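Undergrad: Here's a structure for you.
The values are calculated or read from the model by the stated rules, or taken from the named source; none is laboratory data. Computed from a prediction, not measured in an experiment: that's the story for all the values here. All Cβ positions, even for glycine, are placed from backbone atoms using ideal geometry, and neighbour counts span all protein chains on display.
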Amino acid sequence: MPWFPIVGAAIGAAVGGVAAALMEIVPASVAAAVAVVVGIVLTGAFHEDGLADTTDALGGWSPEQRREILKDSRHGSYGVVAMVSTVLIRVMCIASLGPAVAVAGSVAAHTLGRGAAVGVMGLAQPVPTAGLGADYARSLSGRRTLLGVTAALLLATLAVGWWVLPLGAAAAVGALVVAVIARRAFGGVSGDILGAVEQVGECLVLIVVSGLALRHPLWWA
């Protein structure tokens, strides 16, 4: 799990690299759409699936029913809307950036989103049922949690410099909100909910990046 943000940095670099390269030959919106799709393909839509399952399950009437819905591989209207919304937000944000900021912002978003998931995994209570995500959460030590979150912050700092302060805060707020909702709705966190944490964090980071880029230059650009 401490390696999770490092994997995120690599995926973010691939997404940002595709966007930056294509921006030289096609409109920014097209480049951003292709780049986001590349990221989804690289991860197998793993986190998007978790977000969709979580969103669908919130419609249940009790924690037990919601946990059962989490296990259903089919997606309802809430889940589909959630996935489409996050894809749209990411495409629009990346399309608003220049090539250099698209690379740095994508690295930060994927890294901090996964760092937030590691933090929630290590600190939040897992759901009271068996599952891969819940099992990892039970076995993750405080030291490994701290290592994973620290790695995410360091990698993001290399990419965006002082921007990491508002970006890290955005990812943390998103993680806290999802964790609180999960605690009340499901009795804890599971693998699907961790996917939702990553997606919310990734989108919030990119939104903040798009705002910062309007007013402040990137430290290395």
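Undergrad: Would you point out the residue of region 113-134, among those that are at pLDDT 95 or above and not hydrophobic (A, V, I, L, M, F, W, C), that is farthest from Val200 (Cα to Cα)?
TA: Gly115
Undergrad: Being of a type outside the set (S, T, N, Q), buried (at least 20 other Cβ atoms within 10 Å of the Cβ) and under 19 Å from the mean Cα position of the chain (by Cα) narrows it down to one residue among Ala45, Ala52, Ala31; which is it?
TA: On the way: Ala45 fails: buried (at least 20 other Cβ atoms within 10 Å of the Cβ); Ala31 fails: under 19 Å from the mean Cα position of the chain (by Cα).
Selected residue: Ala52, the only one of Ala45, Ala52, Ala31 that is of a type outside the set (S, T, N, Q), buried (at least 20 other Cβ atoms within 10 Å of the Cβ) and under 19 Å from the mean Cα position of the chain (by Cα).
Undergrad: Tell me the helices (runs of 4 or more DSSP H) entirely within region 110-221 that contain at least 2 residues that are within 17 Å of the chain's Cα centre (by Cα). Spell out the reasoning first.
TA: Numbers: elements: 132-139, 142-160, 164-186, 191-215.
Because the criterion is at least 2 residues that are within 17 Å of the chain's Cα centre (by Cα), the helices (runs of 4 or more DSSP H) in region 110-221 that meet it are 142-160, 164-186, 191-215.
Undergrad: Modelled with pLDDT under 95 and farther than 23 Å from Pro5 by Cα: is that true of Leu70 in this structure? Please lay out each step first, then the result.
TA: On the way: modelled with pLDDT under 95: yes; farther than 23 Å from Pro5 by Cα: yes.
Yes, satisfied.
Undergrad: Residues of region 1-31 being touching a Ser or Thr at 6+ places or on another chain (Cβ under 9 Å) and part of a loop (DSSP other than H, G, I, E, B), which ones?
TA: Met1, Pro2
Undergrad: Which members of region 180-206 meet the condition of being touching a helix residue (DSSP H, G or I) at 6+ places or on another chain (Cβ under 6 Å), of a type in the set (A, V, I, L, M, F, W, C) and either in contact (Cβ under 8 Å) with a residue 60 or more places away in the chain or surrounded by fewer than 23 Cβ atoms within 10 Å (Cβ to Cβ) (or both)?
TA: Within region 180-206, the first condition is being touching a helix residue (DSSP H, G or I) at 6+ places or on another chain (Cβ under 6 Å), and the residues that meet it are 182, 185-187, 189-206.
From what is left, the residues that are of a type in the set (A, V, I, L, M, F, W, C) are 182, 185-186, 189, 193-194, 196-197, 200, 203-206.
Ala182, Ala185, Phe186, Val189, Ile193, Leu194, Ala196, Val197, Val200, Cys203, Val205, Leu206, listed by residue number.
Undergrad: In region 55-73, which residue that is part of a loop (DSSP other than H, G, I, E, B) and small (Gly, Ala, Ser) is surrounded by the most Cβ atoms within 10 Å (Cβ to Cβ)? Step through it out loud before you land on a result.
TA: The initial filter retains those residues of region 55-73 that are part of a loop (DSSP other than H, G, I, E, B), namely 58-62, 72-73.
Remaining after also requiring small (Gly, Ala, Ser): 59-60, 62, 73.
Values: Gly59: 14, Gly60: 16, Ser62: 9, Ser73: 6.
In this case the residue turns out to be Gly60.
Undergrad: How many residues does region 58-105 hold that are in contact (Cβ under 8 Å) with a residue 12 or more places away in the chain and under 26 Å from Leu206 (Cα atoms)?
TA: Residues that pass the stated criteria total 27.
Undergrad: Okay, next question. Before we move on, is Met23 surrounded by 17 or more Cβ atoms within 10 Å (Cβ to Cβ) and either within 19 Å of Val160 (Cβ to Cβ) or touching a strand residue (DSSP E or B) at 6+ places or on another chain (Cβ under 7 Å) (or both)?
TA: Values: surrounded by 17 or more Cβ atoms within 10 Å (Cβ to Cβ): yes; either within 19 Å of Val160 (Cβ to Cβ) or touching a strand residue (DSSP E or B) at 6+ places or on another chain (Cβ under 7 Å) (or both): yes.
It is true that Met23 is surrounded by 17 or more Cβ atoms within 10 Å (Cβ to Cβ) and either within 19 Å of Val160 (Cβ to Cβ) or touching a strand residue (DSSP E or B) at 6+ places or on another chain (Cβ under 7 Å) (or both).
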